[in-house]
């Protein structure tokens with residue numbers, strides 16, 4: 001079985017009011033030195049019956065078709081044998 | 001004129017659209033279940049507002065793969081009029097039928113209130129019943145209405161007159177103060193390059209009778225009807 005972790009993040013320059021609000025909250029809790037905070041999404045997928053190479057092309061297609069919106073988001077992923 | 005109003009799981013404005021089209025504008029309007037794979041005998045398609053698929057992943061991201069969306073794409077490619085309202089606008093962007101994306105409101109608040117929008121192009125299939133610069137009062141009701149597109153796309157939208165409506169003040173002034181959700185350039189509604197697919201965040205179907213505070217929403221539907229009749 002393969003374990004896939006897909007991370008989807010907002011492209012640089014795309015407004016992230018959520019990240020900004022979380023950063024402000026951390027600062028109001030006394031955490032200093034925060035330069036930036038961006039929110040993203042983590043998706044954990046377990047896959048069966050694919051070699052790591054096949055899985056890679058499947059995951060790539062999943063990201064392009066559904067998991068990320070290329071207008072506003074970037075993605076990357078890691079595939080591990082479980 | 002015969003309208004088809006698409007019902008996705010989680011849509012919640014389809015009855016209002018159908019009511020307005022039938023009872024106020026006196027046209028035909030059927031609800032089309034999202035599992036339909038063909039659209040036959042319709043002159044225009046409306047993708048209504050709501051929370052299709054619970055807004056999971058991204059608004060409109062899953063609805064765009066509903067079986068009916070392939071038919072909507074073919075309908076649009078053949079020149080049919082397609083109007084997306086609120087969640088419908090989000091679905092059209094996810095489907096690539098309109099450029100750009102709709103993101104979380106800048107304030108992070110869900111906003112439900114009347115908005116003033118200014119008509120930027122009064123020649124389109126969706127605005128020909130309006131005057132240029134006319135200020136319409138139409139409610140917005142959304143959490144993800146912040147329009148985003150890259151600079152090149154924005155430039156083209158401006159140059160080609162694809163921006164139909166911008167949020168404005170009561171006097172028609174377009175400014176940061178009159179931008180409810182952080183949309184780039186106060187964009188409230190755009191159409192595609194061919195001019196037959198339009199998306200807007202405000203809900204025209206909620207502003208078609210005086211008792212509801214505004215009748216300006218009728219202008220969107222009557223523009224479509226005029227275009228279909230070859231009058232506008």
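The values are calculated or read from the model by the stated rules, or taken from the named source; none is laboratory data. Computed from a predicted structure; not experimentally measured. So basically every Cβ, Gly included, is an ideal-geometry build from the backbone, and we count neighbours across all protein chains shown.
For region B:19-76, a tally of residues being more than 14 Å from every other protein chain (Cβ to nearest Cβ), crowded, with 16+ Cβ neighbours inside 10 Å and at positive phi returns 1.
Filtering region A:40-49 to residues that are within 24 Å of residue A:73 (Cα to Cα) and exposed (fewer than 15 other Cβ atoms within 10 Å of the Cβ) leaves A:40, A:42, A:44, A:46.
Being more than 14 Å from chain A (Cβ to nearest Cβ), closer than 25 Å to residue B:44 by Cα and either at pLDDT 95 or above or in contact with a helix residue (DSSP H, G or I) (Cβ under 6 Å, 6 or more places away or on another chain) (or both) narrows it down to one residue among B:79, B:96, B:133; which is it? When all the criteria are applied, what remains is B:79. Among the conditions (1) in contact (Cβ under 8 Å) with a residue 40 or more places away in the chain; (2) touching a strand residue (DSSP E or B) at 6+ places or on another chain (Cβ under 8 Å); (3) within 14 Å of another protein chain (Cβ to nearest Cβ), the only one that residue B:183 does not satisfy is (1).
For region A:40-82, the tally of residues that are farther than 15 Å from residue A:5 by Cα, more than 14 Å from chain B (Cβ to nearest Cβ) and either part of a loop (DSSP other than H, G, I, E, B) or in contact with a helix residue (DSSP H, G or I) (Cβ under 7 Å, 6 or more places away or on another chain) (or both) stands at 3. Would you check if there is a residue in region B:192-205 being away from chain A (no Cβ under 14 Å), in a helix (DSSP H, G or I) and closer than 19 Å to residue B:49 by Cα? Yes, that holds for at least one residue. In region A:23-39, is there at least one residue being outside any loop (DSSP other than H, G, I, E, B), surrounded by 11 or more Cβ atoms within 10 Å (Cβ to Cβ) and touching a strand residue (DSSP E or B) at 6+ places or on another chain (Cβ under 7 Å)? No, region A:23-39 contains no residue that is outside any loop (DSSP other than H, G, I, E, B), surrounded by 11 or more Cβ atoms within 10 Å (Cβ to Cβ) and touching a strand residue (DSSP E or B) at 6+ places or on another chain (Cβ under 7 Å).
If the condition is being at the interface with another protein chain (Cβ under 9 Å from one of its Cβ atoms) and assigned to a helix (DSSP H, G or I), then region A:1-19 contributes A:17, A:18.
Go through region A:50-79 residue by residue and tally those that are touching a residue at least 24 places away in the same chain (Cβ under 8 Å) and surrounded by 11 or more Cβ atoms within 10 Å (Cβ to Cβ).
15
Look at residue B:111 and say whether it is within 14 Å of chain A (Cβ to nearest Cβ), modelled with pLDDT of 95 or more, crowded, with 24+ Cβ neighbours inside 10 Å and within 26 Å of residue B:162 (Cβ to Cβ).
Details: within 14 Å of chain A (Cβ to nearest Cβ): yes; modelled with pLDDT of 95 or more: yes; crowded, with 24+ Cβ neighbours inside 10 Å: no; within 26 Å of residue B:162 (Cβ to Cβ): yes.
Spelling it out, it is not the case that residue B:111 is within 14 Å of chain A (Cβ to nearest Cβ), modelled with pLDDT of 95 or more, crowded, with 24+ Cβ neighbours inside 10 Å and within 26 Å of residue B:162 (Cβ to Cβ).
Please determine, by comparing only the residues of region B:136-163 that are out of contact with any helix residue (DSSP H, G or I) (no Cβ under 9 Å at 6 or more places or on another chain) and part of a strand (DSSP E or B), which one is nearest to the other protein chains (Cβ to nearest Cβ). Top of the filtered list is B:140.
Picking from residues in region B:52-91 that are in contact with a strand residue (DSSP E or B) (Cβ under 7 Å, 6 or more places away or on another chain) and assigned to a loop (DSSP other than H, G, I, E, B), the one that is nearest to residue B:196 (Cα to Cα) is B:80.
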